[in-house]
Every structure is written in structure tokens, then in C-alpha cells.
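The numbers here are math on the coordinates, done by the rules we state, and not lab data. Everything quoted here is computed from the prediction, not taken from an experiment. Virtual Cβ from ideal backbone geometry, glycine too; neighbours counted across all protein chains shown.
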Amino acid sequence: MMLNIVFGESHPAFNGILRSTVMAISAMTVVVGSPAYADNRCPEGQAVAIQPVRIGAFNVMFGARGTPEEVARLLYSYHLDLVAFAEVPDGDWTERAGKVLGLPYAYVGKISSANQEDKLKAILSATPLSDIGETRLDSGSSWKPASAVHAVTTIGNVTLRFYALHIAASRGKNGQLYELFEKEALSPDSSTMVVAGDFNNEIGDSAISNLRRFGFKSVWSEAGVNPQRHSTVVEPSKIGIIDHIFYRSAAEVPVPAAAVVEANPPLSDHKPIVAELRFRTCRGG
């Protein structure tokens, strides 16, 4: 299999990350920690430390074009901490992918997109999962139901609440994306979150613009990737990037790298995406 990586033109950092540690490089998260480092300061006796969290997201098209082992091998070199899957088959598909990726903890939802067979949402994690659940979404005039699965995990000294979603295209407040925020009570506050998956909306769409009202940032913009120059859809079209990773934090969270991964032959009608977020934390004392 031939592997190509699409980088942000103004952000060659991913090149360096890939060349070191054999292509090193995680979907919605809540970081629980001392507010002391929100302004990059720590209590006396503690020092600022960086905790990288490596995220992948991939709509695998119900596994029709690739086995879980093939999908895992495509993502393996990014050393992911968390993966958000959309349109996964039921059964042991997710766990088989996790075995190859070295991600032993999995949660697979029960709500299949548009009530079609084998279109579930799933999470893979390097660390144990708790507070797992799934939110059903029925808003808008497009296909339904949609859903988002979620879980809490701790990576290093960073505790995360991770959401993996697959939703229909939305417009403004009319649609499943806004419904998710209403149901999950994701009003602006000091929590840090990351949302990843297949949004079926591009960056400039009004539904995505609503995320700014909740304080979210896109890994594409923070890593210097121009979403107008790339697409996460395999078949030639005018569709750009519709698979995303968004995050919100009171503390500074650098995103040194984000990329669209291309494989020949493709393993889905979507292309996987990967990113690294670096959370500032306080250690010692």
C-alpha cells in the first residue's frame, strides 16, 4: 500500500514529527486540571509540562473497502492515543483494529446512522474508558438518526472526555451538530474539549461557525492547514474537508501538526485525519 500525507503548507512541523519516532502523532475531550496553568503558570514547586495527545478520526464506510487490520496498519505509524471511528460494523471490527494499533480499550455505540446496517460510531483508546455513553441526534431535514459516542479517559496527567460523531450536514442552529451541544450542555465555560469525526460540513458552513460561539478552534487552522486546498472525500468532487477535530481550552493548546492521510488504494470513501494537541499541565510539587 502506498501512503501519502497531506500537510499544511505553512506548517512543516508534521514532517519533523513524522521523521522522528517513526512518524509520530488523538476526538471530544475534557481536560480536568488545576486552573493555575490556564495562563501558563503553576503553583510554587510545580513546573509547566507538555502532555501530547494524538488523535485520529476515520469514517470507514462500514468496512467495505478495508479490513480492520488494513485500516489499523494505515494509522499505525502515527502512534495514536485515541481514535474516533464512524460507520464501523458491529461485532469485533473495532477491537480487531485496536489490537493492531495497540489500543486495547474500545467502546462501540448502538445507534446506526440513518438506521442503515453497520454504520456505528466507536472509540479506541490507549487508556481505560469510563463514563461511556451515546447521544442520539434527530434534528434537521436530512438523514436520521445520527449520534455521538463519548467516554472519559486519562492520558498522562490529562483527563479527557472524548466524543466521536457522525452527523448529517447542518445549517446554523438547524441540525444535529447544534442539537449535540444543547443536549450535552456544552455552554462556554473553562472546560477543555475536543470533538472529532465526520461532520458532513466544511469549515465555512454556518453550522461550523456556531462552534466559535462555544469557544472551539479547528486543528486545521491552528496547524496552518488551508482546508480549501484539501478534501477528506476520496471521489473527485468540489467537497473539501468535512472530517474535523475541534477543541476548546482555557489554557494554551498548541497544535504542531494536523494532516489528511491518503492511501492507494483507498480504504473508504473518506480519508482519515490525524492531529497532535499539546496540553500544558502542572507537574511536581
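For region 206-285, rounded, prolate or oblate, judged on the Cα gyration tensor with a ≥ b ≥ c (square roots of eigenvalues), a/c < 1.5 rounded, else prolate if a/b > b/c? Oblate is the answer for region 206-285, as a/c is 1.5 or above yet b/c matches or exceeds a/b. Within the shell defined by Cβ-Cβ distances under 10 Å, the residues around K271 carry a net charge of -3, with Lys and Arg each +1 and Asp and Glu each -1.
Run through region 117-176 and list the trypsin sites (Lys or Arg not before Pro) located in a DSSP loop whose Cβ has at most 16 other Cβ atoms within 10 Å. Display every interim value, and only then the final one.
Working: sites: K119, K121, R136, R161, R171, K173; in loops: K119, K173.
Filter output for region 117-176: K173.
Distance between the modelled labels on E95 and N264, one decimal in nanometres: 3.7 nm (7 Å Cα→Cβ projection).
The alpha-carbon of K144 sits under 19 angstrom from the alpha-carbons of these lysines, leaving out residues fewer than 8 places away in its chain: K110, K119, K121, K173, K183.
Note on K271: aspartates and glutamates with a C-alpha under 17 Å away, same-chain residues under 8 apart excluded, are E69, E70, E87, D198, E202, E235, D243, E262. For region 214-273, trypsin sites (Lys or Arg not before Pro) are listed when DSSP marks them as loop and at most 16 other Cβ atoms sit within 10 Å of their Cβ; the list is K238. Sparsely packed loop sites in region 186-285 (the GluC sites (Glu not before Pro) outside DSSP H, G, I, E and B with at most 15 other Cβ atoms within 10 Å) comprise E252.
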